[in-house]
Amino acid sequence: MNTLLVLLGPTGVGKTEWSLRIAETLGCPILSADSRQIYKGMTIGTAAPAAEQLLRVPHHFVGILRPEEYYSASQFEVEAVTLIGQLFQSHHSVVM
């Protein structure tokens, strides 16, 4: 059975570190659902994962767009659902 584990909470409470620990334990990737972390260079105010954290576990939807690029919740939904389906082909779990 495939499992999508979703961590929720306000900025700065440790979701990133918990997601890393869980993903490392389960051997699965992380899919960010943060509306600001998708943009490159938005590290202040978003608690974006540090470079060394990004190296620990594969991340998706982190730092992939320039701030001036348009992106919507509906685009995220379509791309995230598609990606999750692809990730479940090779992983039993995904952390969001």
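The values are calculated or read from the model by the stated rules, or taken from the named source; none is laboratory data. Treat the numbers as computed from the prediction; the structure is a model and nothing was measured. Only protein heavy atoms, including side chains, enter the accessible area calculation; ligands, DNA and RNA are left aside. Shrake-Rupley method; radii C 1.70, N 1.55, O 1.52, S 1.80 Å.
Some observations on this one:
- Span per principal axis, largest first, for the Cα atoms of the stretch 1-54 (Å): 36, 22, 19
- The residues of the chain have, on average, 64 Å² of accessible surface per residue, using a 1.4 Å probe with all protein chains present.
- What a 1.4 Å probe finds exposed on the chain is 59% carbon and sulfur by accessible area, rounded to a whole percent.
- Remark: the Leu26-Phe88 segment gains 21.0 nm on full extension, using 0.36 nm per residue and subtracting the alpha carbon distance.
- With 0.36 nm allotted per residue and the present C-alpha distance subtracted, the Arg36-Glu69 stretch has 10.7 nm of extension available.
- Relative contact order computed over the stretch 1-91 (Cα-Cα under 8 Å; 6+ residues apart), in percent: 29 percent
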